[in-house]
Amino acid sequence: MRKVALQGSDAHRLRRINMIATLRAVRAAGVVPLTDLARRAGLSRPTVEGLVEELHGQGWLEEVAPEAGQMGRPARLYRFRSATGYVIGVDIGSSSVRAQVSDLEGNAVGLGFTRVHADYGRAERLAAVRATMAAALGEAGVTEDQVLSVAVGTTGVVSESGTVRLCVGLPEWTGLDLAAEIRRDYRCRILVENDCNLAALAERWAGVAREVDDVLFVLSGVRTGAGMLIRGELHRGGRGMAGEIGALHLIGWHRAPDHLARFAPDAAPEEVARLVFAAAREGDPAARWAIEQYAHDLAEGIAAIVLTVDPDLVVVGGGVSRSGDVLMEPLRRHLDPLCLEPPAVAISTLADQAVVLGAVRHALNHVDELLYDVDLPLDLTLFRQDIKP
């Protein structure tokens, strides 16, 4: 068979494809000998050797010392260098701000937490966000220049470019270009997403919905909202409004938290759910009635989305997730008759970490998209700019 010479651009693209195959194989294996790597990547030993040297030189791979006491010539071992860069996930809530710095394998290396007041204006809340991110970086021993992507979760309808188009939960938040605010301090891609969407991502990555493709996450507590994954991908809708069923007042999501709040009118909003469910667990009839009404209204909205997207799993998270033992029975009793077939329902185990973990996963997904794009160079400078969507 006559060999066809590859043009320069074709040869470069083929090398990039082989480099991606090698990198994927290393990451899947953890620590892998060079010989085994060639088999896993489906490439020749000489080709893999050259690619490994290049990836090692660029900082994407690191050589692992062989175990002591081995006979003969030790195999050369390599693994993905997760400390080549870092991502930051941020959760901006009504009463708190959380930040997590993670390496490129998702391992947490620095955390930040700041308590804020629900009535904080834009300037005060943004100052808390910057301070919390700085605290997480400080704990990790990481500088801003080492960050390859930042993802931020916030309540409200968020545009693809990172502007909060509508927010009723945080004062002075509607109209805020949140991506531009974070971009003042970080020279990388800034992703801003609805917090419920990020929580759904977290559940599939590290929660009760692992490997489930179609997921409905319902945030329940101080407020009620929803985020969705379809075929494993975030479903935002054309304008970021997917899941905002609480805006339809024919469905009871807008009033659901009021049932709990009336039981404990003097409690801080973030403490209401804990107090009501604790009282119900002790048999308090007023608390049980509040939860009964809450479950009824929550079920209406869940049923409407279930009948629309038919998810594989409904995950209930937020402030009530710690009281699933009390909530599940009345919720199922009200939900099941509204659905053609009762859906699978699980209570989140991630508690108040769901949004920040989802933000980390979202930032990591962006890094991987660039890392595995055959049309882009495998160069760290690629991450030092905010590539527009």
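The values are calculated or read from the model by the stated rules, or taken from the named source; none is laboratory data. As the structure is a prediction and not an experimental result, all values here were calculated from the model. Heads up, the Cβs are rebuilt from the backbone with ideal geometry, glycines too, and the neighbour counts pull from every protein chain shown. The area values use the complete protein model at the heavy-atom level, side chains included, leaving out ligands, DNA and RNA. Shrake-Rupley method; radii C 1.70, N 1.55, O 1.52, S 1.80 Å.
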statement: For Leu191, other-chain or 5+-apart residues with amide H closer than 5 Å (H placed, Pro excluded) are Val150, Ala151, Val152
- request: Return a whole-number percent for the relative contact order of the chain, with Cα pairs under 8 Å and 6 or more residues apart as the contact set.
  value: 16 percent
message: For the pair Ile230/Gln58, report the inter-label distance in nm, with labels modelled 7 Å from Cα in the Cβ direction.
response: 3.5 nm
- prompt: If the label point is 7 Å along Cα→Cβ of Arg13, which residues in the range 366-384 have backbone nitrogen under 20 Å from it?
  reply: 369-379
message: With the crude spin-label approximation of a point 7 Å out along Cα→Cβ, what separation in nm comes out for Arg239 versus Asp145?
response: 4.3 nm
- prompt: What full-extension length gain, to one decimal in nm, is calculated for Val374 and Asp119 as 0.36 nm per residue of separation minus the Cα-Cα distance?
  reply: 87.1 nm
query: What length, rounded to one decimal in nm, is gained on full extension from Ala75 through to Trp289, with 0.36 nm per residue of separation minus their alpha-carbon distance?
result: 70.4 nm
field: Relative contact order, percent, the range 293-389 [alpha-carbon distance under 8 Å, six or more residues apart]
entry: 31 percent
- request: Measure off 7 Å from each Cα along the Cα-to-Cβ vector at Arg332 and Arg255, then give the distance between these two points in nanometres to one decimal.
  value: 2.8 nm
task: For the chain, state the average projected area of the convex hull of the C-alpha atoms over all orientations, rounded to one decimal in nm².
output: 24.9 nm²
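Ignoring ligands, DNA and RNA, please state the percent of accessible area on the range 194-328 from carbon and sulfur, probe 1.4 Å. Intermediate results must be reported in sequence, preceding the final value.
Working: 3050 of 5960 Å².
Carbon and sulfur atoms account for 51 percent of the accessible area of the range 194-328.
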query: Can you tell me the accessible area per residue over the range 287-386, all protein chains present, probe 1.4 angstrom, in square angstrom?
result: 41 Å²
task: Only helical DSSP H runs with n ≥ 4 go in: add -39500 (n - 2.57) per run for the chain, normalise by residue count and round the 222 nm mean residue ellipticity to 500 deg cm²/dmol.
output: -13000 deg cm²/dmol
- prompt: With springs only between Cα atoms under 10 Å, which of Asp310, Asp368, Asp352 fluctuates most in a Gaussian network model of the chain?
  reply: Asp368
